[in-house]
1. Rounded to the nearest 10 degrees, what's the angle between the helix 124-140 long axis and the longest principal axis of the chain, both from Cα atoms, 0 to 90?
2. Quick one: of the DSSP bridges fully inside the chain, what percent are antiparallel, nearest 5?
3. If I fit a long axis through the Cα atoms of helix 221-233 and take the longest principal axis of the Cα atoms of the chain, what angle between them do I get, 0 to 90°, rounded to 10?
4. How far is it, in nm, from the label point at K31 to the one at K76 when both lie 7 Å from their Cα along the line to the Cβ?
5. Measure up K76/K143; K76/K117; K54/K230; K31/K154; K170/K230 against 19 Å on the Cα-Cα distance and list the ones that go over.
6. Report, to the nearest 10°, how far helix 277-286 tilts away from the longest principal axis of the Cα atoms in the chain, using its own Cα long axis and a range of 0 to 90°.
7. Need the C-alpha centroid separation for region 84-107 versus region 4-69, integer Å.
8. Grab the eigenvalues of the alpha-carbon gyration tensor for the chain, scale each by 5, take roots, and send me the semi-axes largest first in whole angstrom.
Amino acid sequence: MSNPSSHPVFAPGSTALITGAASGIGLAIAKLCKSHGMNVYLIDRNAELLVNAKTELTGGNFGDRSVMVATYDVSKLSDWDSLKRDAAELFGSIELLVLNAGTVAKGGWEDNEYFSKILQTNLFGVINGINTFLPVVKQASAKKPTAIVITGSKQGITNPPGNPAYNASKAAVKSLAEQLGYDLRDSKTSVHLLVPGWTFTGLSGGGPDSTVEKPTGAWRPDQVADYMFKKMAEDKFYILCPDDDVNEETDKKRIAWSAWDIISGRPPLTRWRPEWKKEAEESMAKMDL
């Protein structure tokens, strides 16, 4: 029997394809899907971590074909072509597409390699995934509920200084997800932009082999997955996750202040400018959202 408090895509026998799934939020989403009786297809560049993930999901039963893994690079369109063929052979249909793979790097202006590496994975990894699997998900929607989840970032919304390539990649991902959500508004496929808060993953020092203790304010990946599950049940497109350091109200105020840079004709990124710091803090404290 279906759970009325969950999105109908989380159904026994349906299949989730998840990129960046060997650890962190991707693996947490895979565990969530598996707990609802779904098949899961885990995609990542790290073959060793994928083996560990499959072991964890199956209890070491590598004959369990409800959990399959494959090493692919989302930045390469040729890999997506192979992945599409493999997914059809293994599962036949894909009901839940989770485009979660992402990377970070240190760099700045005049560093083309830095920009290329981040944009190829974070942006074109999403573009390639949508263009390859949108027809597959649409076909599946004729028989079962379907959904597409795209992982964004708060840095793609409030645009804090210091990492222009990453911010730009996630801002573009937000725009793509919004366009896709609009274009599929009358279809049987729901679209969701997952925007994690501060999460302790491999990108923030919390990988599988890390000996670093989770910071007090950070969420665990499973908390993000659970929050996503809740908001998808509410049919929310924007899934803006809080954490134990920043609540939902604070996030909204920061987003509103950033938007007013444009509306009021202020310079960009005033929240981080020393001459605007006091006004920004006082204004956000008075906001009633």
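1. Relative to the chain, helix 124-140 is tipped by roughly 50 degrees.
2. 0
3. Helix 221-233 and the main axis of the chain meet at about 80 degrees.
4. 3.0
5. K76/K143; K54/K230; K31/K154; K170/K230
6. Relative to the chain, helix 277-286 is tipped by roughly 70 degrees.
7. Here the answer is 11 Å between Cα centres.
8. Gyration-tensor ellipsoid for the chain: 32, 21, 19 Å.
Taken together, the values in this text are just the output of simple stated rules run on the coordinates, not laboratory data. What you see is a predicted model; the values in this text were computed from it and never measured. Ideal geometry is used to build each Cβ from the backbone, glycine not excepted, and the neighbour counts take in all protein chains shown.
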